[in-house]
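Here the structure is laid out as structure tokens; the discussion comes afterwards.
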Amino acid sequence: MRIDLDEQQQFVYKVTCTECVVRDRIKWATYRAGEDNGFMAAMDRWIFHLTQKHPDADAPCLKFLPEAQQRQQERREARSSG
């Protein structure tokens with residue numbers, strides 16, 4: 001994970017997969033701004049990437065998969081209700 005600052009000096013979180021290439025030799029990555037709990041959003045996306053593309057991976061963050069799934073469900077419900 002890399003943490004940078006954007007133009008407004010807000011945190012930006014970027015997680016890059018060292019194995020997956022999505023197009024034209026560009027590595028898979030997720031990029032989330034610091035507002036609205038961007039760190040958790042980036043980690044959730046990374047956890048989902050690991051479980052889908054690297055199911056045999058042994059990463060400590062995978063123990064948070066149930067919580068990531070719960071947050072995803074809550075986001076979906078919030079979008080559909082409003």
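For segment 28-42, the criterion of a residue being outside any helix (DSSP H, G or I), of a type in the set (D, E, K, R), surrounded by 15 or more Cβ atoms within 10 Å (Cβ to Cβ) and under 14 Å from the mean Cα position of the chain (by Cα) is satisfied by at least one position. Of all residues in segment 42-82, which are of a type in the set (A, V, I, L, M, F, W, C) and out of contact with any Phe, Trp or Tyr (no Cβ under 8 Å at 6 or more places or on another chain)? Scanning segment 42-82 gives Trp46, Phe48, Leu50, Ala57, Ala59, Leu62, Phe64, Leu65, Ala78.
Screening the candidates Ala57, Ala68 for the property of being among the small types (Gly, Ala, Ser) and part of a loop (DSSP other than H, G, I, E, B) yields one hit, Ala57.
Checked against (1) surrounded by 15 or more Cβ atoms within 10 Å (Cβ to Cβ); (2) in a helix (DSSP H, G or I); (3) among the hydroxyl-bearing types (Ser, Thr, Tyr), Tyr13 meets all criteria but (2). Once segment 43-54 is narrowed to residues that are in contact (Cβ under 8 Å) with a residue 24 or more places away in the chain and assigned to a helix (DSSP H, G or I), the residue that is farthest from Gln10 (Cα to Cα) is Lys53. Scanning segment 16-43 for residues that are of a type in the set (A, V, I, L, M, F, W, C) and touching a His at 6+ places or on another chain (Cβ under 8 Å) yields a count of 3.
Among the residues of segment 68-82 satisfying the criterion of being free of Cβ contacts under 8 Å to residues at least 12 places away in the same chain and not small (Gly, Ala, Ser), which is surrounded by the most Cβ atoms within 10 Å (Cβ to Cβ)? Steps first, answer last, please.
In the first step, residues of segment 68-82 are kept if they are free of Cβ contacts under 8 Å to residues at least 12 places away in the same chain; the result is 69-70, 73-82.
Retained after the next criterion (residues that are not small (Gly, Ala, Ser)): 69-70, 73-77, 79.
Details: Gln69: 14, Gln70: 11, Gln73: 10, Glu74: 10, Arg75: 12, Arg76: 10, Glu77: 10, Arg79: 8.
Taking the candidates together, the pick is Gln69.
Taken together, the values in this text are just the output of simple stated rules run on the coordinates, not laboratory data. Here the structure is a predicted model, which is why all the values come from computation and not from measurement. Positions of Cβ are generated from backbone atoms using ideal geometry, with glycine treated the same way; all protein chains shown enter the neighbour counts.
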